[in-house]
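**Student:** Questions regarding the structure given below will be posed in turn.
The values are calculated or read from the model by the stated rules, or taken from the named source; none is laboratory data. What you see is a predicted model; the values in this text were computed from it and never measured. Ideal geometry is used to build each Cβ from the backbone, glycine not excepted, and the neighbour counts take in all protein chains shown. Surface areas here come from the heavy atoms of the whole protein model, side chains and all, with no ligands, DNA or RNA. Shrake-Rupley method; radii C 1.70, N 1.55, O 1.52, S 1.80 Å.
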Amino acid sequence: MHRGWKSLLAVGGVVLATGCAAPHEPQVTFYSHGNSTAVDPALFCDPTGEECDTAEGSVGRLRVPDHAPVQISVPAEVASTPWQVVFLYRDAAGRQLDGRSAVFAPDERHAYTLTMPKDGVQLEHVEVQRFSAVLTAGANGGVNFGIGGAWVLQTHG
């Protein structure tokens, strides 16, 4: 089961499902300009990536001014696995672009500051993705990891 980040972004960051996020599932906190929000996972899988819960509407919202950074804090349940941040933003011409952080190794870090690329004006969507143990063959002999957790933030200026 491989879930690409673009597929999650394509549905506006909302994973449609019948289940609800259980209270024991970890939250990710997003912070910008004096405000923060703790977000439940929109997708949360067991370590094998086979048993997954999804939660319709588990999307955080936060005001992020133009060019502003977003600080992201992840709990141990996320930091103990490979994870990354993917995002959508608009440039000065109004084009929607995407980007991503490096993939962080297990226990490498519990926080990340997302700074807009030089051509970026307005951040629109941020997603923290925790990778599962599911591996598939990638292009040129590489390996693709399945997404075993996703925490979604929609921003507005």
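**Student:** What is the Å³ per residue value for the convex hull set by the Cα atoms of the stretch 68-108?
**Tutor:** Measuring per residue, one finds 71 Å³ for the Cα hull of the stretch 68-108.
**Student:** While we're here: Gain in length, residue 121 to residue 108, computed as 0.36 nm per residue apart minus the alpha-carbon separation, to one decimal in nm? Numbers along the way, then the final one.
**Tutor:** Numbers: separation 13, 0.36 × 13 = 4.68 nm, distance 2.93 nm.
Stretched fully, the residue 121-residue 108 segment lengthens by 1.8 nm.
**Student:** Tell me, what is the FRET efficiency for residue 63 and residue 92 to the nearest 0.05, using R0 = 22 angstrom and their Cβ-Cβ distance as r? Spell out each step's value before the answer.
**Tutor:** Values: r = 20 Å, r/R0 = 0.92.
So, using R0 = 22 Å, E works out to roughly 0.60.
**Student:** A further question on this structure: Please state, as a whole number in µm²/s, the translational diffusion coefficient that the Stokes-Einstein equation yields for the stretch 32-97 at 10 °C and 1.306 mPa s, with Rh defined as the Kirkwood radius across alpha carbon pairs.
**Tutor:** Values: Rh = 14.6 Å.
Answer from the Stokes-Einstein relation: 109 µm²/s.
**Student:** Give me the accessible area per residue for the stretch 67-126, probe 1.4 Å, as a whole number in Å².
**Tutor:** Here the residues of the stretch 67-126 average 49 Å² of exposed surface.
**Student:** Shifting gears a bit: Would you mind giving the average projected area, over all directions, of the Cα convex hull of the stretch 32-157 in nm² with one decimal?
**Tutor:** 8.5
**Student:** Let me ask another. How much accessible area does residue 30 have with a 1.4 Å probe, in Å² rounded to the nearest 10?
**Tutor:** Ignoring ligands and nucleic acids, residue 30 comes out at about 0 Å².
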